[in-house]
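The structure appears below as structure tokens.
The values are calculated or read from the model by the stated rules, or taken from the named source; none is laboratory data. Since the structure is predicted, the reported quantities are computational estimates derived from the model, not experimental observations. Cβ coordinates were reconstructed from backbone atoms using ideal geometry, including for glycine residues, and neighbour counts include every protein chain displayed. These area figures cover heavy atoms from the full protein model, side chains too; ligands, DNA and RNA do not enter into them. Shrake-Rupley method; radii C 1.70, N 1.55, O 1.52, S 1.80 Å.
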Amino acid sequence: MVPGELETHPSRYKHWRLTREGPLACLTMAVAEDAPLVPGYKLKLNSYDLGVDLELADAVQRLRFEHPEVRAVILTSGQERVFCAGANIHMLAAAPHAFKVNFCKFTNETRLAMEDASAHSGQHYIAACNGTTAGGGYELALACEEIYLVDDGRSAVSLPEVSLLGVLPGTGGLTRLVDKRKVRRDLADVFATLPEGVKGRRAVEWRLVDGVFPKSRFSESVQKRALDKARAETSAKGPGIVLDPLSPAVAEDSVRYRHVALHLNHARRTAEIIVNVPPGAHPRGVEEIHSAGADFWPLRAFRELDDALLRLRFHYQEIGLLLLKTSGDIETVRALDAVLAENRHDWLVNEIILQMARVLRRLDLTSRSLFAIVEPGSCFAGSLLELALAADRIYMLDGAGGARLATSPLNGGFLPMVHGISRLAVRFLGEPVKIEELLGHKEPLDASAAENAGLVTAVVDAIDWEDELRMAVEERASLSPDALTAMEANLRFAGPESPESKIFGRLSAWQNWVFSRPNAAGDHGALTLYGKPERPQFDWRRT
């Protein structure tokens, strides 16, 4: 369903135009209907598939790193009378179940990156809905800080998924309606079952959009609003850095990057992700970080890890268990983290930390079992300790050899999970005093100290190490993948909810369920029959 490469570049965009002028940028959606990611459907009415969203994700990332001078981004359409018709229905109807869910998950992560840029990078996204804005198109607008709709007597915003397709808005639309835009619950209920949507002043009154402008002055009015937002940002940023291609070496059983390696065992349905920290990766200050640019280890390594996670999601769906490993000097990682924490005020350092946090959240949300393996030569410290803290279990080798764990300032909330708290806070939800103790611990912890601190699941001696790991891996691989995905989603996010965690929790459970039900995806389901003369046939029993 998905071609091999998930990377792209503005020079290769087929569906988006990115322009910049001073502090303003414009992302224009002009989907080429005859250029779907895979053959079999046309991308009519600015509908999108994964290829369209991969370009958008790339543009959002590049604006943050390559064009920090941009303070406001106008998101609009290059087509007449339509902003975006949402995810391509024929693509979704024909796609396997797993792809449907992973596609929705990725598109939501892209929209979260836009919200993250508005909240933390001073790049404010404004949706200029210059035509009909339906389904995923309205969800795209909902990810923006402000939404403006053309008042032409025809254009409306809508979420028609429930009434027309028998599914839910796939990228958090319902949650963003009530949690983000504070739409009244009863009005949201009407809106979500009204296929024709809402337009004009009524859309403003219901909080569905922030304003409407007539067609004659729509572009001018939105640009003025965007300039006002841009001028309110006064901090100096730039110059940007260039994000070079990752260009991994891909083989049948491995994907190798500069600092990350992905090893696949197809027969056992397992994979190893190894993050390597090279000697001499520690910069002495901000100037060296800027000089290193995209080669700076934390930025490069976490970009590579991100690509590996996406490849696992779209290319290797039979892999059920990831073994997380690291290699390098523990003090190098702690020194890198200290430099990042001390210089968070610098725009590039801030973007690197935010990018690390986004990648770790992608790991949290990966529908795979995660085991961290701590051995001599590992460097699970600080930002890389977060990999272990994200894992469902942590196995640590005991005895001589020097396996150790360590914290750094970045473990103290710099890299939050989707519900806004640190992985240490989740681990010690019932013992918060341990968090400060561990953050204040200056020396790395050996196996015994790590076990006493509650940082590991099991400490195993060298005699039993191989057998213990083998049995744990075999047992995990023998369990139902559906039950494991559900179990892990319930256990990983202890503590309070946030709009982000609600979206992913509901996507993992409700949309996953709806996509597999005959009322949507069966031979006579609403999604399957969309655009055909037959009416869907529903199983009317509620469960």
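Below, the figures for the structure above:
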item	result
The stretch 354-475: Rg to Rh, with Rh as the Kirkwood radius over Cα pairs	0.96
Phi-based couplings in Hz for the stretch 127-144 (Karplus 6.51, -1.76, 1.60; Gly and Pro marked x)	8, 9, 7, 8, x, 4, 10, 10, x, x, x, 6, 5, 4, 5, 4, 6, 7
Sequence-separation-based contact order of the stretch 1-152, relative, with Cα cut under 8 Å and 6+ spacing, percent	23 percent
Proximal aspartates and glutamates relative to residue 237, as straight alpha-carbon distance under 12 Å, when same-chain residues fewer than 8 apart are discounted	66, 69, 346, 351
Average projected area [Cα convex hull, the stretch 197-304], square nanometres	13.8 nm²
Distance from the stretch 266-344 to the stretch 495-541 (C-alpha centre basis), Å	36 Å
Computed Kirkwood radius, in angstrom, where 1/r is averaged over Cα pairs of the stretch 270-402	15.4 Å
Peptides 203-216, 360-373, 454-467 ordered by average Cβ neighbours within 10 Å, highest first	360-373, 203-216, 454-467
Crossing angle, helix 50-66 versus the chain [Cα axis fit, 0-90 degrees, rounded to tens]	70 degrees
Span from the the stretch 17-86 Cα centroid across to the the stretch 417-492 one, whole angstrom	40 Å
Most to least accessible of 448, 247 (protein chains only, probe 1.4 Å)	247, 448
Net dipole in debye of the stretch 1-113 [+1 Lys, Arg Cβ; -1 Asp, Glu Cβ; about Cα centre; nearest 20]	220 debye
C-alpha center-to-center spacing [the stretch 124-159, the stretch 219-241] in angstrom	20 Å
Residue-by-residue Karplus 3J(HN,Hα) for the stretch 192-205, coefficients 6.51, -1.76, 1.60, Hz, glycine and proline x	6, 10, 10, x, 7, x, 10, 10, x, 4, 4, 4, 5, 4
With 10 Å bins from 0: P(r) over the stretch 388-543, alpha-carbon pairs, percent	9, 26, 26, 19, 10, 8, 2, 0
Per-peptide average of other Cβ atoms within 10 Å, ordering 82-89, 524-531 highest first	82-89, 524-531
Radius of gyration and Dmax over the Cα atoms of the chain, both given in Å	23.7, 78
log10 of Debye I(q)/I(0), alpha-carbon scatterers only, for the stretch 433-490 at 0.27, 0.28, 0.30 Å⁻¹	-1.02, -1.05, -1.13
Two-decimal log10 I(q)/I(0) for the stretch 105-198, as the Debye equation yields it once each C-alpha is a single scatterer, q = 0.13, 0.21, 0.22 Å⁻¹	-0.42, -1.08, -1.17
Isotropically averaged projected area of the stretch 15-168, using the convex hull of Cα atoms (one quarter of hull area), nm²	8.9 nm²
Entries in 44/532; 105/199; 42/532 that, when Cα-Cα distance is taken, lie over 23 Å	105/199
Low-density loop cleavage sites - trypsin sites (Lys or Arg not before Pro) in the stretch 256-310, where at most 14 other Cβ are within 10 Å (DSSP)	268, 284
